[in-house]
Amino acid sequence: MANRVYLGIDLGAESGRVIAGIWNGKTIKLEELHRFPNGPVLIADSLRWDVMRLWGEIQNGLALAAQKYGKSIVSVGADTWGVDYVLLNKRGEMLGQPYAYRDARTNGLIERTLKKIPRKEIFAQSGLQFMQFNTLFQLIAHKQYSPETLEAADVLLLTPDFIHWALCGSRVVEFTNGTTTQCLHPTRRTWSLDLLKKLGIPTHIFPKVVSPGTQLGSLRPSVAERTGLGNVHVVAPPTHDTASAVAGVPTANTGKANWAYISSGTWSLLGVEVQKASLSDRTMEFNMTNEGGLDGTYRLLKNIMGLWLVQRCKRAFDARGREYGYAELEALAAKARPLRSIVNPDDSRFLNPPDMPKAIQDFCRETGQPIPKTEGELVRCALESLALRYRQVLGWLEELTGNRIEVIHIVGGGSRNQTLNRFAADACQRPVIAGPVEATASGNVLVQVRSSGELGSLSEMRSVIRKSSEVKTFDPKPNPAWENAAACFAEFARA
């Protein structure tokens with residue numbers, strides 16, 4: 001058969017890309033066509049996303065795709081991070097510049113909200129980990145800081161759904177990203193209207209929820225003409241980037257709970273794939289989350305701060321005139337003294353500090369540990385702390401599922417960090433299979449392939465990924481120092 005091409009739009013917190021998935025009927029080959037920078041913009045003491053610039057870059061990437069692949073292009077779909085949203089009025093005008101999830105307006109909102117509605121009630125109606133930037137708390141803050149735009153809104157679209165609206169005019173929310181909002185019911189799989197009404201959030205702005213793989217329509221004529229793509233279909237992949245990444249895990253054990261994944265990047269999302277949401281008191285106590293997956297599955301997981309700590313350390317080093325690439329920082333960390341200082345990467349001070357190295361040093365000082373000073377010591381502290389958090393969360397997942405996890409798949413950009421992969425294997429005492437780096441893009445485009453009728457089950461998709469990807473295995477090495485560090489870590493790292 002002639003190659004068919006499926007286009008993935010993949011937006012992350014640091015960059016965005018347009019990627020071609022070239023499908024020959026047996027394997028998928030990925031080609032990055034256009035990469036562009038991304039990041040929140042600080043204006044008037046608030047953090048916003050410049051979605052207009054992102055949309056312009058997306059169109060540039062689609063135009064490059066049209067020039068190279070022309071009529072062999074079948075469809076296009078977008079995935080992004082979760083929780084953030086765009087409000088549109090009835091005429092399709094954007095109401096305000098969308099907030100970025102690290103904006104400070106939600107500080108303290110969880111505590112204030114729980115004084116009105118018990119934690120258990122919110123968890124029962126959402127199944128979600130309590131994090132201050134969840135859409136639910138963002139909307140409470142929106143009502144406080146900009147009630148006029150919320151009142152004028154006709155529809156709320158999450159970031160990837162906004163891109164699909166720009167592409168084809170659809171006004172829907174895809175299921176996997178919808179589950180990141182803390183506004184979607186975990187068993188009914190519809191909006192938790194009772195909860196929203198109690199919090200005074202207008203319910204009419206929440207649109208229809210659709211499953212991943214849904215055909216949303218054809219490109220707007222203006223977009224087709226601007227990009228040269230013609231009558232290409234728009235398909236909703238798993239629009240939450242982690243949902244696409246989990247679909248792109250090359251496991252041969254689909255349907256079993258004996259493997260875990262870590263989608264590793266700015267965030268580390270560590271979890272298992274289950275058939276229904278876990279809503280027990282113990283799940284809530286561990287502050288775990290139930291996010292939607294492909295084929296009605298749920299991703300029982302924990303959001304862990306991830307390589308954000310290293311990214312922000314690098315930014316601080318750069319500002320001080322000590323510029324290193326990530327590979328150089330990894331090499332410096334590998335040479336630093338092991339397990340000298342550790343932090344809880346999910347401590348709230350690390351969410352968006354002005355100076356990450358100082359925040360790490362302050363934590364160590366307050367907990368009576370040696371203060372990491374050099375670049376290598378700081379980065380090693382971050383990486384070892386992540387590995388210890390992985391170990392802790394892995395134990396919680398085993399308790400909740402009643403299954404021993406035999407292997408950990410690490411996918412995404414963070415799977416390139418061989419030092420962290422090694423630390424994870426040794427800390428967790430489980431084999432780590434690292435790769436593919438492009439699990440998110442693979443999951444995105446292969447769901448489009450399946451939507452066109454060329455693939456069947458999730459197992460079949462993952463078989464394609466195994467044939468199309470390279471992975472590296474890190475076998476665990478026993479080291480009593482990790483056991484001692486884990487005991488220390490548990491003293492200051494809670495759910």
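Residue by residue through the stretch 79-86, which ³J(HN,Hα) values in whole Hz follow from phi under the Karplus form 6.51 cos²θ - 1.76 cosθ + 1.60 (θ = phi - 60°), with glycine and proline marked x?
Running phi through 6.51 cos²θ - 1.76 cosθ + 1.60 with θ = phi - 60° gives 10, 8, 5, x, 6, 7, 9, 10 Hz.
Could you give me the ³J(HN,Hα) list for the stretch 30-43, computed from phi with Karplus coefficients 6.51, -1.76, 1.60 and θ = phi - 60°, whole Hz, x at Gly and Pro?
9, 9, 6, 9, 7, 10, 8, x, 9, x, x, 10, 8, 9
Given contacts defined as C-alpha pairs under 8 Å and at least six residues apart, what's the relative contact order of the stretch 242-388, whole-number percent?
Taking the mean separation of contacting Cα pairs over the length of the stretch 242-388, I get 20 percent.
When a/c reaches 1.5 or more, the comparison of a/b and b/c decides; with that in mind, is the stretch 1-76 rounded, prolate or oblate per its Cα gyration tensor?
prolate
Roughly how many Å² is the accessible area per residue of the chain, as a whole number, for a 1.4 Å probe?
Value returned for the chain: 39 Å² of accessible area per residue.
Once the dipole of the chain is set up with Lys and Arg at +1 and Asp and Glu at -1 on Cβ about the Cα centre, which of Ile43, Val437, Leu400 lies farthest towards its positive end?
Leu400
Positive end of the dipole of the chain, charges at C-beta (+1 Lys, Arg; -1 Asp, Glu), about the Cα centre: which of Leu156, Gln182, Gly248 has its Cα farthest in that direction?
The residue sitting most towards the positive pole is Gly248.
For the stretch 344-495, what relative contact order do you get, as a whole percent, if you take Cα pairs closer than 8 Å and at least 6 residues apart?
23
Quick check: Cα centre of the stretch 191-242 to Cα centre of the stretch 47-106, how many Å?
Cα centres, the stretch 191-242 to the stretch 47-106: 12 Å.
Enter the Cα centre distance for the pair the stretch 314-336 and the stretch 356-394, rounded to the nearest angstrom.
15
Under a point-charge model restricted to the Cβ atoms of Lys and Arg (+1) and Asp and Glu (-1), what is the dipole moment magnitude of the chain relative to its Cα centre, in debye to the nearest 20?
240
Tell me the label only: which of [x] 125, 60, 45; [y] 62, 54, 50; [z] 82, 47, 42 is Cα extents along the principal axes in Å as calculated from this structure?
The calculated read-out lines up with [y].
As a test of the formula, what do you get for the chain when each DSSP H run with n ≥ 4 contributes -39,500 (n - 2.57) and the sum is divided by the residue count, at 222 nm and rounded to the nearest 500 deg cm²/dmol?
-11500 deg cm²/dmol
Given a 1.4 angstrom probe, I'd like the percentage of the accessible area of the stretch 113-220 that is carbon and sulfur, rounded to a whole number.
51
Distance from a point 7 Å along Cα→Cβ of Arg226 to each backbone N in the stretch 157-197: keep the residues under 19 Å and list them by number.
157-172
Once you order the gyration tensor axes a ≥ b ≥ c over the Cα atoms, which shape class does the stretch 186-322 get: rounded for a/c under 1.5, otherwise prolate or oblate by comparing a/b with b/c?
rounded
Using heavy-atom solvent-accessible surface (probe 1.4 Å) with all chains present, what is the largest-first order of Tyr390, Tyr145?
My answer, sorted largest first, is Tyr145, Tyr390.
Considering Cα pairs under 8 angstrom that are at least six residues apart, work out the relative contact order of the stretch 1-130 and quote it in whole percent.
24
Which pairs break 19 Å Cα to Cα here: Lys116/Lys208; Lys116/Lys143; Lys314/Lys472; Lys29/Lys68?
Lys116/Lys208; Lys314/Lys472
For the stretch 1-68, give the percent of accessible area contributed by carbon and sulfur heavy atoms, probe 1.4 Å, rounded to a whole number.
52
With +1 on the Cβ of every Lys and Arg and -1 on the Cβ of every Asp and Glu, and nothing else charged, how large is the dipole of the stretch 391-492 about its Cα centre, in debye rounded to the nearest 20?
Charge dipole, the stretch 391-492, about its Cα centre: 280 debye, nearest 20.
Which whole DSSP H helices in the chain pass both tests: a Cα extent of 27 Å or more along the axis and a mean Kyte-Doolittle value no lower than -0.5?
Helices meeting the span and hydropathy rule in the chain are 375-401.
Once the whole set of protein chains is in place, how much accessible area is left on Glu285, using a 1.4 Å probe, in Å² to the nearest 10?
110
Taking all protein chains in place and a 1.4 Å probe, what share, in percent, of the accessible surface of the stretch 391-458 do carbon and sulfur account for?
44
The values are calculated or read from the model by the stated rules, or taken from the named source; none is laboratory data. On a predicted model such as this, the values are computed, not experimentally measured, just so you know. In this analysis, Cβ positions are derived from the backbone assuming ideal geometry, glycine residues included, and neighbour counts consider all displayed protein chains. Side chains included, ligands, DNA and RNA excluded: accessible areas come from the protein's heavy atoms. Shrake-Rupley method; radii C 1.70, N 1.55, O 1.52, S 1.80 Å.
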